[in-house]
Amino acid sequence: MKSPIKMPLLRAGAASGLLALAACATAPLAPTAALQAAEQSIATAEQARAAEHAPAELALAREELQVAHNAVQRSEMVTALYYAEESRAAAELAVARSEAKRASTVNEEMRRSTEALRQEMSRHPGAIR
């Protein structure tokens, strides 16, 4: 026969274990900060004219953000976090590519301008004193 004191202790221990497991099993919170960061990065990319200079990267950022929002609706928070971070990275890449394209365009314009000045100077070598 079991001791009457041990049975309540055993039940209390089992209840505590179940409560601990239930606490671990609760769904993680939505990755709100990551979603907001992705949205802000996309807005920055749009301001940097990424639609013109890096349309594929900007489209990917938007698609991945939508996948992240869909994952939140399905309570798949780990997946949502992953795609929110991927979206932010794609938007940042779009900004970098857009800025590189603009810098390349400015560099080419300066090269042409310098070349035009050289040609002008070679036609009139004594004009500059």
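I'd like the Karplus ³J(HN,Hα) series for the range 58-75: coefficients 6.51, -1.76, 1.60, θ = phi - 60°, whole numbers in Hz, and an x wherever there's a Gly or Pro.
5, 4, 4, 4, 5, 4, 5, 5, 5, 4, 4, 4, 5, 5, 4, 4, 8, 6
State in Å² the accessible area per residue of the range 26-94; use a 1.4 Å probe, count heavy atoms of protein chains only, and round to the nearest integer.
Per residue, the range 26-94 has 57 Å² of solvent-accessible surface.
Using a Förster distance of 35 angstrom, determine the FRET efficiency expected from the C-beta separation of Val78 and Ser104, and round it to 0.05.
About 0.35, to the nearest 0.05.
Residue separation times 0.36 nm, minus the C-alpha to C-alpha distance between Ala56 and Leu117: what's the value?
Extending this stretch completely gives an extra 18.2 nm.
From the backbone phi of the range 112-123, what are the Karplus-calculated ³J(HN,Hα) couplings (6.51 cos²θ - 1.76 cosθ + 1.60, θ = phi - 60°) in whole Hz, Gly and Pro given as x?
Once θ is set to phi - 60°, the couplings for the range 112-123 become 5, 5, 5, 5, 5, 5, 4, 5, 5, 5, 6, 6 Hz.
The values are calculated or read from the model by the stated rules, or taken from the named source; none is laboratory data. Every value quoted in this text rests on a predicted model; they were computed, and no experiment measured them. With ideal geometry, Cβ positions are generated from the backbone for all residues, glycine too; neighbour counts draw on all protein chains shown. For accessibility, only protein heavy atoms count, side chains too; no ligands or nucleic acids. Shrake-Rupley method; radii C 1.70, N 1.55, O 1.52, S 1.80 Å.
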